[in-house]
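Below is one structure, written out as structure tokens; comments come after it.
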Amino acid sequence: MSDLIIRSVETRILDVPLIRPHKFATTTATAQSILLVAVITEDGVVGYGEGVTPGGPWWGGESAETMQVLVEKYLAPVAVGRRVDEVPAVLEAMEGVVARGRFAKAALEIAMFDAWARSVEVPVRSLLGGAVRDSIECTWALGAMPLEEMVAEIDELLAADRHRSFKLKMGALDPAEDVARIAALADRLDGRAGLRVDINARWDRFTANVHLPALVEAGIELIEQPTPTEHIEVLAELNRSLPVQFMADESVQSPHDALEVARRDAAGVIAVKTTKLGGLTRGKEVVAIARAAGIACHAATSLEGPIGTVASLHLACAEPGFNYGSELFGPLLLAETYVTTPIRYEAGRVHLPPGPGLGVEIDHDAVEKFTRR
């Protein structure tokens, strides 16, 4: 079956402007840099994957530039000549030549899944076990911005019924000021929308113990990663002491991390990102561990473009364990797209596209426009 053999792997970096600046705890993004990876089979079938980190290397230690080097020099050589359906074997080979580098590995693995599914004319979700749903709830995230701007943006999205829950970035301001800003927003909204916060691992144990109770009192329904990545015991302490859902994100970057969170009862929800975990295969493993432990899963985002987002959507729709919705909104933050048909967002949900592979088709003119020269 030579048509399934990988003939070549190609990469290019895209720089796509955002609709507005997106402020994280330590940086502000005005454009998203995306490594677009293409896997081409001997039969000429092309599958695509994306390597994306949220706002650059500050979060996961990788960037579009480092991912391109890893894919071209180290990962592609162990994939070329293999079949696209030999995903586990290629993952093992990649582990042998690159430690960690999970964002880069995810881009290549997803491109393999897309090419494999297109070769046998089925959607990617069929290769993941088949769909249990055709859409999933989608939360919208707002960067750290002034109160009036947050209220205006949320009101507009609620009126359009595009989103019904919202995640607010914290950690960039003085903690007391940050908490007051979020509490004021909750008061203004008066229960009209679900509110969650993401502190991006910026607070220590003392700061968390002092300021998190005020967020709970304000009615915040979920608190994401308040403390540093390695401080799982602190996260567990907070999870036991406060009557609110905690979500582990930075603390879960592998199936082993998920097991540690489960063992220590450190969170009620795990943020599953195909990017930070190394792809769809590792994502399935994390969901399996979470389900066995009774932990909910949330389909999270690294602000991927349409390719990476729809890959995560296939996983979220193929796994029953994704029972805490998603924030797969990345393409909505881009000022322009580079697929021919945009992903559909409506009634507070993001919907699976039809068709083989990932179900989205590349707009080659747009890709050329955004390609870094």
**Fill in**
Scanning segment 6-27 for residues that are open to solvent by 70 Å² or more (accessible area, probe 1.4 Å) and either of a type in the set (Gly, Ala, Ser) or touching a helix residue (DSSP H, G or I) at 6+ places or on another chain (Cβ under 9 Å) (or both) gives Glu10, Arg12, Ile19
**Asked** Quick one: Arg100 ticks every box in (1) in a helix (DSSP H, G or I); (2) under 16 Å from Arg282 (Cα atoms) bar one, so which box is it?
**Response** (1)
**Item:** Matching residues in segment 313-355 - criterion: being free of Cβ contacts under 8 Å to residues at least 40 places away in the same chain and under 23 Å from Trp116 (Cα atoms)
**Value:** Val339, Thr340, Thr341, Pro342, Ile343
**Request:** State all residues of segment 76-126 that are under 18 Å from Glu42 (Cα atoms), hydrophobic (A, V, I, L, M, F, W, C), out of contact with any Lys or Arg (no Cβ under 8 Å at 6 or more places or on another chain) and open to solvent by 60 Å² or more (accessible area, probe 1.4 Å); if no residue qualifies, say none.
**Result:** Val120
**Message:** For segment 205-226: of the residues being of a type in the set (Asp, Glu) and within 25 Å of the chain's Cα centre (by Cα), which is farthest from Leu242 (Cα to Cα)?
**Reply:** Glu224
**Complete:** Restricting attention to segment 137-171, the residues that are within 18 Å of Arg344 (Cβ to Cβ) and exposed (fewer than 15 other Cβ atoms within 10 Å of the Cβ) number exactly 2
**Message:** Please verify whether Asp134 is surrounded by fewer than 16 Cβ atoms within 10 Å (Cβ to Cβ) and touching a His at 6+ places or on another chain (Cβ under 7 Å), treating the condition exactly as stated.
**Reply:** yes
**Message:** If I filter segment 84-108 down to residues being charged (D, E, K, R) and without any contact (Cβ under 8 Å) to a residue 40 or more places away in the chain, which single residue comes out as nearest to Gly51 (Cα to Cα)?
**Reply:** Arg100
**Fill in**
Filtering segment 70-97 down to residues that are part of a loop (DSSP other than H, G, I, E, B) and acidic (Asp, Glu) yields Asp85, Glu86
**Prompt:** Among Ala131, Ala152, Ala141, which is the only one that is among the small types (Gly, Ala, Ser) and in a helix (DSSP H, G or I)?
**Reply:** Ala152
**Prompt:** Pairs, please: C-beta under 9 Å, at least 6 apart or cross-chain, first residue among the aromatic types (Phe, Trp, Tyr) and in segment 193-214, second modelled with pLDDT under 95 and open to solvent by less than 30 Å² (accessible area, probe 1.4 Å)?
**Reply:** Trp203/Met170; Trp203/Gly171
**Message:** Please go through (1) within 18 Å of Val310 (Cα to Cα); (2) in a helix (DSSP H, G or I) for Met67 and return the number of the only condition it doesn't satisfy.
**Reply:** (1)
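The values are calculated or read from the model by the stated rules, or taken from the named source; none is laboratory data. On a predicted model such as this, the values are computed, not experimentally measured, just so you know. Virtual Cβ from ideal backbone geometry, glycine too; neighbours counted across all protein chains shown. Side chains included, ligands, DNA and RNA excluded: accessible areas come from the protein's heavy atoms. Shrake-Rupley method; radii C 1.70, N 1.55, O 1.52, S 1.80 Å.
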